[in-house]
Amino acid sequence: MRRKIWSNLPAFAPQAAATDPLAIANVRGWRLREPSSGRRYTVLRLETRGGLVGYGEGGASSPAEIDEAKAAATGRRPNETEYIRHRLAAMPAMEAAVNCAFLDLLGKRTKTPVYQFLGGPTRFKARVMAHLEGQTEDALAAPLQRAVQQGFKAFTVPIPGRDSLWRMQAYVDAVRARVARVRSLAGADLDFVLDAAGSLTPGDAALLATALEKIHLMWLDEPTTVLTNDALARIADESVMPVGLGRSVTDIATFQNLLRWGSIDLLRPSLGLNSISKIKRMAAIAETHYVAVAPYHDGGPIATAAGIHLAASLPNFFIQQIPFPTAERDRAMRAELTSGNQETAKDGFAPLTNRPGFGIDVDERALDRYSE
């Protein structure tokens, strides 16, 4: 059997010289929790020996994972993304945060926006959609109207919860009624994604997708947590409803299998669990299958900024999801973290910034205030 002599090479990569101004000298982490929704994410601050500072965000993490990320990043240069990918492979949220901060540093070092550093722009504005939090039609009304006022034209609508004794036809009617209700509130020129959040069985998802074909949703998102070929084939083969999958997937090979099986219409990797560099790899594979990318995002505003830069660099980008908190306290927190609300749209699009790095000003006093 052949030895994979390359598999352990990254672990032996030497650290940068002690005098290298780009080497990471200090790493600090904040575990953040939004006061009302309870949404959790992690922010890392990386500082080079030369005094350059970059910020990155990943999903929820433990103090031990932050310590491991500090150990991995200290002494490294911000272009050592492959070393970090291998070193933090078991902690995807931390790999995402460090990679994000690395890109912010490289952009600031070269005085270019991150999307330029990633090979863009392929576009000068990125289509965005608001992720609504309400669980009933009445609870969705106010955030939907507020999102429309802030320039969004596409939205996720959570699927109604289903009691196990509820007949499938009655459930389909309830889903159809919810979509009709939110459309009547928002207007006919807006787009909607039905977010199932993995709550359905493959069989029920196939029935629902077929029943809703004629109401022209953008896609059915994460219909099931079952990602086997035979299960997903029931949904893909029985309906023309587009299907988006992948918010919990961190393995590129899993996406590769979904694409090869023809079980996925939109690639949905999570910004909190996959680094920008990894998502670019995923998108390149998806492009060979003529599949678009619409990253899932349920984290904080720093990752939102990173997602817009990523969007500008992807030829097969479709739309970027942005959390849209219902509670005023959560919205205020997010605005404080980035010294102003950066999560707005104009006619359904977010413009690109031409400032170095991600182009945002992070308020560390706010990070301290909201840290767990």
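The values are calculated or read from the model by the stated rules, or taken from the named source; none is laboratory data. Just so it is clear, the model here is predicted, and its values are computed rather than measured. With ideal geometry, Cβ positions are generated from the backbone for all residues, glycine too; neighbour counts draw on all protein chains shown.
When segment 40-61 is filtered for residues that are small (Gly, Ala, Ser), surrounded by fewer than 18 Cβ atoms within 10 Å (Cβ to Cβ) and touching a strand residue (DSSP E or B) at 6+ places or on another chain (Cβ under 8 Å), only Ala60 remains. Cβ separations smaller than 9 Å between residues 6+ apart or across chains give the following pairs from segment 104-127 residues that are free of Cβ contacts under 8 Å to residues at least 12 places away in the same chain to residues that are among the aliphatic types (A, V, I, L, M): Gln116/Ala312. Scanning segment 114-153 for residues that are surrounded by fewer than 16 Cβ atoms within 10 Å (Cβ to Cβ) and either within 16 Å of Pro295 (Cβ to Cβ) or of a type in the set (Val, Ile, Thr) (or both) turns up Thr122, Thr136. Put simply, of Ala335, Ala283, Ala294 the only residue that is at pLDDT 95 or above and closer than 18 Å to Leu220 by Cα is Ala294.
All conditions in (1) in contact with a Lys or Arg (Cβ under 9 Å, 6 or more places away or on another chain); (2) of a type outside the set (Gly, Ala, Ser); (3) within 22 Å of Ala312 (Cα to Cα) hold for Val249, with the sole exception of (3).
Scanning segment 71-91 for residues that are within 22 Å of Pro301 (Cα to Cα) and either assigned to a helix (DSSP H, G or I) or among the hydrophobic types (A, V, I, L, M, F, W, C) (or both) yields a total of 1. Scanning segment 156-179 for residues that are free of Cβ contacts under 8 Å to residues at least 60 places away in the same chain and closer than 26 Å to Pro295 by Cα gives Val157, Pro158, Ile159, Pro160, Gly161, Val175, Arg176, Arg178, Val179. Considering segment 323-372 alone, what residues qualify as being more than 15 Å from Gln150 (Cβ to Cβ) and of a type in the set (A, V, I, L, M, F, W, C)? Selection gives Ala327, Met333, Leu337, Leu352, Phe358, Ile360, Val362, Ala366, Leu367. Of all the listed residues (Pro295, Pro301, Pro269), the sole one being closer than 16 Å to Ala126 by Cα, under 10 Å from the mean Cα position of the chain (by Cα) and buried (at least 24 other Cβ atoms within 10 Å of the Cβ) is Pro295.
Give the number of residues within segment 154-196 that are over 23 Å from the mean Cα position of the chain (by Cα), hydroxyl-bearing (Ser, Thr, Tyr) and either crowded, with 16+ Cβ neighbours inside 10 Å or outside any helix (DSSP H, G or I) (or both). Selection size over segment 154-196: 2. Going through (1) modelled with pLDDT under 95; (2) within 30 Å of Arg365 (Cα to Cα); (3) of a type in the set (D, E, K, R) one by one, Glu47 falls short only on (1).
For segment 92-103, the count of residues that are surrounded by 17 or more Cβ atoms within 10 Å (Cβ to Cβ), touching a strand residue (DSSP E or B) at 6+ places or on another chain (Cβ under 9 Å) and polar (S, T, N, Q) is nonzero.
Filtering segment 81-91 to residues that are out of contact with any Phe, Trp or Tyr (no Cβ under 8 Å at 6 or more places or on another chain) and surrounded by 14 or more Cβ atoms within 10 Å (Cβ to Cβ) leaves Tyr83, Arg85, His86, Arg87, Leu88, Met91. Among the residues in segment 205-213, are any in the same structural domain as Glu287 (by TED's automatic domain parsing), within 30 Å of Pro356 (Cβ to Cβ) and surrounded by fewer than 16 Cβ atoms within 10 Å (Cβ to Cβ)? No. The set of residues from segment 348-365 being out of contact with any helix residue (DSSP H, G or I) (no Cβ under 8 Å at 6 or more places or on another chain) and of a type outside the set (S, T, N, Q) comprises Gly348, Phe349, Pro351, Arg355, Asp361, Glu364, Arg365. Residues in segment 103-145 that are in a helix (DSSP H, G or I) and closer than 14 Å to Gly359 by Cα: Leu103, Asp104, Leu105, Leu106, Gly107, Lys108, Arg109, Thr110, Val114, Tyr115, Gln116, Phe117.
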